[in-house]
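Note sheet for the following structure.
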Amino acid sequence: MAKGTHDYAADPRNETVLINVNGTLVPRAQASVSVFDSGFMLGDGVWEGLRLHRGKIAFVDSHMDRLYEGAKAIAMDIGLTRDELIARIDETVDGNGMREQEGVHMRLMVTRGIRSTPYQDPRVVISDATIVIIPEYKTPLPSTIESGIRLFTVHVRRGDPAVQDQKLNSHSKLNCITACIQATQAGADEALMLDPHGFVATCNSTHFFIVRKGEVWTSSGDYCLGGITRSNVIQVCKEAGIPVYERNFSLTDVYGAEEAFVTGTFAGVVPVTEVDGRALTPGRGPMVERLQTLYRELMDRDAQ
């Protein structure tokens, strides 16, 4: 059965988790936003996936940088300072008694707010930004971390920044959703996506790396989100003396690689065992296992 990097074991505690909707903690079953909300209506907003590690929000400064830069790019006022927003996240964590728990993942969503009528022009917005924080008990499946995933290269491309800049972590994810659908229907776990020039760009929900002759390669980054886990893996490679390159490469380079892996906030570093039917490794290879260890050590340092 196909699976994705975001697969997790169901946890009954999630049924009683409180959701933060505009500063108020609300039971999960009652949490809602207006049908006139900009996010629901048009995908107009930005978001972050956050992980709690040893009681702290992992790499919180990097996540806040990306969120506030994205909001500025679309001329949206979040309405809270960075410190105020972090305090609200902390209130959500503590309000759910999650501070000392492991396996807590959060989705922070900020939309432009409520519109007076179904229309795209931001001048019809009549409220402050909508801020929702959804905390859940979600731990990646051990089988995903150890056995990896299979990718399928889809026809859906990562777009030109003049059309929709892929560096913007917006709520508008239809491009990635259609890629995911095609990969799923092909029997794979996730989609590998190319850039407009035919070079490998990224996956539908994670960043992609290959290992060739002891070197770690990832895309140039021109057509993908500024991934925080991606940049952290590049950092630990440099610290460990592992040659790492951001460059253009093709599917031919992928098919001939010794190993491949993807990165993301939820699951960290995940091995890729197969791309388009070409077998790479039966599970995680030695480089992926090493990088998983180095990444965990970096998370531990960040939590100190």
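Every number here is computed from the coordinates shown, using simple stated rules; none is lab data. These figures come from a predicted structure and were not determined experimentally. Positions of Cβ are backbone-derived with ideal geometry, glycine not excepted, and every protein chain shown enters the neighbour counts.
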Theoretical ellipticity at 222 nm over the chain - DSSP helices of four or more residues, -39500 (n - 2.57) apiece, nearest 500: -8500 deg cm²/dmol
Among the Cα-Cα pairs of region 1-139, the proportion with separation greater than 19 Å, in percent, is 53 percent
Built amide H within the under 5 Å cut-off of S127, gap 5+: I114
M287 neighbourhood, Cβ < 13 Å, K/R = +1, D/E = -1, net charge 0
Counting only Cα atoms, I'd like the Rg/Rh figure for region 95-211, Kirkwood definition for Rh. 1.05
Which residues does a label at R99 reach in region 48-70, if reach means a backbone N under 11 Å from a point 7 Å past the Cα toward the Cβ? 55-56
Round to the nearest 0.05 the FRET efficiency obtained for A240 and S143 when R0 = 25 Å and r is the Cβ-Cβ distance. 0.40
Averaging sequence separations of C-alpha pairs under 8 Å and six or more residues apart, then dividing by the length of the chain, give the relative contact order as a whole percent. 20 percent
Rounded tilt (10° steps) of 174-185 against the dominant C-alpha axis of the chain: 50 degrees
At R0 = 22 Å, how high is the FRET efficiency between S250 and L174 if r is their beta carbon distance? Nearest 0.05 is fine. 0.25
Using Cα-Cα distances under 8 Å and only pairs 6 or more residues apart, what relative contact order does region 148-304 have, in percent? 24 percent
Across the chain, how many lysine pairs, 8 or more apart or on two chains, come within less than 21 Å at their alpha-carbon atoms? 6
Using the Cβ atoms and a cut-off under 12 Å, what net charge is assigned to the surroundings of H197, where Lys and Arg are +1 and Asp and Glu are -1? -1
For A303 paired with T184, estimate the spin-label separation in nm (one decimal), with each label point 7 Å from Cα along the Cα-to-Cβ line. 3.1 nm
Grab the Cα-Cα distance for I74 and M109, subtract it from 0.36 nm times how many residues apart they are, and report the gain in nm with one decimal. 11.1 nm
With axes computed from alpha carbons, what is the tilt in degrees of helix 286-302 against the longest principal axis of the chain, rounded to the nearest 10 within 0 to 90? 30 degrees
Pairing the Cα long axis of helix 60-73 with the longest principal axis of the chain, what angle in degrees results, from 0 to 90 and rounded to the nearest 10? 70 degrees
